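Have a look at the structure below, then the notes.
The values are calculated or read from the model by the stated rules, or taken from the named source; none is laboratory data. Remember, predicted model here, so these are calculated numbers, not experimental data. Heads up, the Cβs are rebuilt from the backbone with ideal geometry, glycines too, and the neighbour counts pull from every protein chain shown.
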Amino acid sequence: MSSRTEEAALSYEQARDELIETVRRLEAGGTSLEESLALWERGEELAKVCRRWLEGARARLDAALAEEEDEGAEGEGAAEEG
């Protein structure tokens with residue numbers, strides 16, 4: 001499975017939890033430069049996954065709010081006509 005496919009399969013919570021662990025390992029130190037760079041890169045990938053999930057959630061919320069406003073406006077127009 002490719003890295004991109006693996007990222008797409010991660011839930012927000014999985015990506016967040018792995019990101020937290022990655023940051024903890026980086027902050028703890030004691031890793032080689034190569035290991036630190038690999039952790040940094042993985043952290044960047046995980047942050048992107050989290051960001052995509054949050055942006056998707058925001059878009060869904062905005063769409064739901066817009067739909068609710070549209071329904072409210074239609075209801076007001078019908079009440080004014082009747």
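Any chance region 1-8 includes a residue that's at pLDDT below 95, of a type in the set (A, V, I, L, M, F, W, C) and outside any helix (DSSP H, G or I)?
Yes, some residue in region 1-8 is at pLDDT below 95, of a type in the set (A, V, I, L, M, F, W, C) and outside any helix (DSSP H, G or I).
Which residue is farthest from the chain's Cα centre (by Cα), if the candidates are limited to region 13-55 and must be of a type in the set (Asp, Glu) and surrounded by 13 or more Cβ atoms within 10 Å (Cβ to Cβ)?
Filtering first and then ranking leaves GLU21.
Which residue pairs have Cβ atoms under 6 Å apart, sit 6 or more places apart or on different chains, and have a first residue in region 32-61 that is at pLDDT 95 or above and a second that is surrounded by 12 or more Cβ atoms within 10 Å (Cβ to Cβ) and not in a helix (DSSP H, G or I)?
VAL49/LEU10
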